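Single-structure report; data block below.
The values are calculated or read from the model by the stated rules, or taken from the named source; none is laboratory data. Because the structure is a prediction, the values reported are computed rather than measured. With ideal geometry, Cβ positions are generated from the backbone for all residues, glycine too; neighbour counts draw on all protein chains shown. These accessible areas exclude ligands, DNA and RNA; they are computed on the full protein's heavy atoms, side chains included. Shrake-Rupley method; radii C 1.70, N 1.55, O 1.52, S 1.80 Å.
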Amino acid sequence: MPVPQPTAETRWRCTLCGNLTRFDVTRSSRVVEYVHLDLAGEPRVEEREVLSEAIESVRCRWCNAVDQIELVDRPGAEV
């Protein structure tokens, strides 16, 4: 079940405990990275382009509920 992404006007809220601030998010990403290796062989990502990204699940850090997330309006957001 896809999890809706928060927007500028909305945010996540746990439907079980009301948490608005702490979540563990599992996501899949497909990216292209420009990796620069220094002379010692240590890699550093200098550029990153996200080709696609999908949220697989969201777990509430307070009550451990999985995928019990809803979108609610942010305070002060224009409706």
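Across the stretch 21-30, the number of residues qualifying as part of a strand (DSSP E or B), surrounded by fewer than 12 Cβ atoms within 10 Å (Cβ to Cβ) and not polar (S, T, N, Q) comes to 3. The residues listed here are Ala8, Ala40, Ala54, Ala65; of these, the one that is of a type outside the set (D, E, K, R), out of contact with any Gly (no Cβ under 8 Å at 6 or more places or on another chain) and touching a residue at least 60 places away in the same chain (Cβ under 8 Å) is Ala8. Residues considered: Gly41, Gly18. Of these, the only one that is open to solvent by less than 70 Å² (accessible area, probe 1.4 Å), of a type outside the set (A, V, I, L, M, F, W, C) and more than 27 Å from Cys60 (Cβ to Cβ) is Gly41. Restricting Arg48, Arg13 to residues that are surrounded by 12 or more Cβ atoms within 10 Å (Cβ to Cβ) and touching an Asp or Glu at 6+ places or on another chain (Cβ under 6 Å) narrows the list to Arg13.
Residues that are within 15 Å of the chain's Cα centre (by Cα) and open to solvent by 60 Å² or more (accessible area, probe 1.4 Å) within the stretch 53-67 comprise Glu53, Glu56, Arg59, Arg61, Val66, listed in sequence order.
Here Pro6 meets the list (1) in a loop (DSSP other than H, G, I, E, B); (2) over 12 Å from the mean Cα position of the chain (by Cα); (3) not β-branched (Val, Ile, Thr) almost entirely, failing just condition (2).
Could you please find all residues in the stretch 68-79 being open to solvent by 60 Å² or more (accessible area, probe 1.4 Å), in contact (Cβ under 8 Å) with a residue 24 or more places away in the chain and either in a loop (DSSP other than H, G, I, E, B) or aliphatic (A, V, I, L, M) (or both)?
Step one: list which residues in the stretch 68-79 are open to solvent by 60 Å² or more (accessible area, probe 1.4 Å), which gives 68, 70-71, 73-76, 78-79.
From the residues that got through so far, the ones that are in contact (Cβ under 8 Å) with a residue 24 or more places away in the chain too are 68, 70-71, 73-74, 78-79.
Residues satisfying the conditions are Gln68, Leu71, Arg74, Glu78, Val79.
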